[in-house]
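Reading through the structure tokens given below for one structure.
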Amino acid sequence: MRHAGCYVIRLLPFLTMRGGESGLNSSFQVFTRRVRSDLKFQYRAIRMAVDWVIAIYFVIPLLIVAGYHYYAWYMTPPAWLGGISIHTVATLFYIFTWLGTLRYFVEEGDQLFLRQNEGWFRHLMHLGYRYSVVLQGVTSLLATLLFLPLLVPVYTFSIAQVVCFWLLTYVVKLNIGLIRQLLALRFQRFLLWLLRIVIFAAGVFVFQWLVVEIRDQLLYSWLVILVLIGTFLLLTRVRLREKGTFFADVARERDARMRIVSLMLIRVMERKRKPTRRYPLLFSRSQRLLKGKGAGTGIAELLVKSYFRNGLQWRQSIQFVVVISGALFILPGAIKILVWIVAAVLLVFWRKSFCKDELTAPFLSLFPIKDPMKHQAIQTAIPILVLPAMMIISLVTGISLHTWWGPVVMMGATVPLTYGTSSVFTSWY
């Protein structure tokens with residue numbers, strides 16, 4: 001009730017306007033007030049983490065040093081910058097295109113008053129959308145300027161090529177933002193998550209090809225940008241005509257408004273738990289998985305089943321495999337093997353952390369389980385948890401070597417690497 005009362009007080013000057021006054025002008029005032037409110041909120045959120053002491057002694061000196069190196073690298077780039085391939089930069093910019101969202105500055109209380117005036121509400125949404133489009137262009141420009149020491153001195157981009165690179169990033173970011181919104185309005189849960197992964201994985205290679213074409217065939221890149229602009233206009237028409245999107249837009253606006261605060265409170269915010277299945281999708285009959293008897297074997301089976309029944313762990317593992325696989329096709333041959341080994345080590349530490357968290361479950365404290373038994377269970381379970389992801393990464397590593405023996409050798413080395421790294425990094429509890 002308090003929030004509803006505050007909302008009515010904020011809108012009272014606009015609700016009491018006479019009929020002769022311009023409705024569009026009034027909706028513009030609502031929009032500007034919400035933009036100012038959002039900017040002040042983000043500023044206060046930053047002030048929570050960066051006070052004047054941190055700004056004077058850390059942030060400002062860091063900006064000065066970074067500015068000096070930026071100018072020095074632009075004038076005379078160091079030799080190691082030449083080792084960064086254009087595919088790596090394209091991958092980073094493609095990840096950048098997935099960040100952020102297109103906002104409409106609608107609030108939950110709008111259903112009380114503003115939605116009754118269709119002209120006001122539609123104009124407010126259009127203003128918020130245009131503001132987001134302009135803001136995405138500014139952020140894309142800043143990201144392009146940040147990489148100028150690579151684009152101009154190292155990759156020898158001309159001014160026209162730099163502008164083309166910025167516009168390509170900009171229009172791809174707009175198209176991806178609209179596609180993600182439309183997918184979220186039409187699909188849910190697993191299917192939505194799967195479609196996002198497919199689009200992300202396919203888009204990496206397409207975007208890399210487009211960036212390379214900027215350097216080789218600039219005319220083709222301009223034609224692609226024109227096509228993407230047309231696609232953006234079409235998607236904009238479809239998105240703004242969508243019906244029944246009010247509550248989804250409100251939730252997206254709330255998430256966008258809280259983006260900085262959520263990063264600072266990620267460790268303390270309590271998330272709403274989703275309802276669990278009555279019967280698990282995997283191992284629904286709780287059949288035995290491991291041979292042997294004793295508490296260590298039983299706890300190891302508990303850890304294995306807990307992991308494979310955990311949807312969050314599955315999603316994060318698939319995302320990890322997709323990112324590593326994309327990097328393997330970009331990096332040079334000698335680095336691929338190093339990344340392959342590092343991936344195994346990271347997976348072992350990841351699974352070990354998961355297992356140790358599971359062993360702190362309240363119901364396990366009811367049993368007299370000693371640390372040596374828990375240690376034995378972790379050593380038994382972790383190779384089983386690491387092996388599925390490592391098999392896919394090993395297969396991709398072998399394929400990326402572009403040899404007939406690559407997949408065979410890498411797949412054959414998967415089991416020794418998995419059990420070797422698991423044995424080394426689980427030797428202590």
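The values are calculated or read from the model by the stated rules, or taken from the named source; none is laboratory data. Since this is a predicted model, take the numbers as computed values, not measurements. Methodologically, a virtual Cβ is constructed for each residue, glycine included, from the backbone with ideal geometry; neighbour enumeration extends over all protein chains shown. Only protein heavy atoms, including side chains, enter the accessible area calculation; ligands, DNA and RNA are left aside. Shrake-Rupley method; radii C 1.70, N 1.55, O 1.52, S 1.80 Å.
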Exercise. Note down all Cβ pairs under 8 Å where the first residue falls in region 316-343 and is more than 13 Å from residue 401 (Cβ to Cβ), the second is outside any helix (DSSP H, G or I) and open to solvent by 30 Å² or more (accessible area, probe 1.4 Å), and they're at least six residues apart or on different chains.
Key: 330/85
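Residues to consider are 344, 334, 300; find the one that is buried (at least 20 other Cβ atoms within 10 Å of the Cβ), over 29 Å from residue 195 (Cα atoms) and more than 19 Å from the chain's Cα centre (by Cα).
300
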Quiz item: Residues in region 88-107: is at least one of a type in the set (D, E, K, R), at pLDDT 85 or above and either touching a Leu at 6+ places or on another chain (Cβ under 9 Å) or assigned to a helix (DSSP H, G or I) (or both)?
Solution: yes
Quiz item: Quick one: which of 392, 399 is touching a residue at least 40 places away in the same chain (Cβ under 8 Å), open to solvent by 50 Å² or more (accessible area, probe 1.4 Å) and over 11 Å from residue 348 (Cα atoms)?
Solution: 392
Quiz item: Out of all the residues in region 127-144, which are in contact with a helix residue (DSSP H, G or I) (Cβ under 7 Å, 6 or more places away or on another chain) and open to solvent by 40 Å² or more (accessible area, probe 1.4 Å)?
Solution: 131, 141
Self-check item: Residues being buried (at least 18 other Cβ atoms within 10 Å of the Cβ) and outside any helix (DSSP H, G or I) - total across region 367-389
Solution: 0
Practice problem: May I ask you to say which residue of 80, 73, 98 is without any contact (Cβ under 8 Å) to a residue 60 or more places away in the chain and either of a type in the set (Phe, Trp, Tyr) or within 30 Å of residue 322 (Cβ to Cβ) (or both)? | Solution: 80
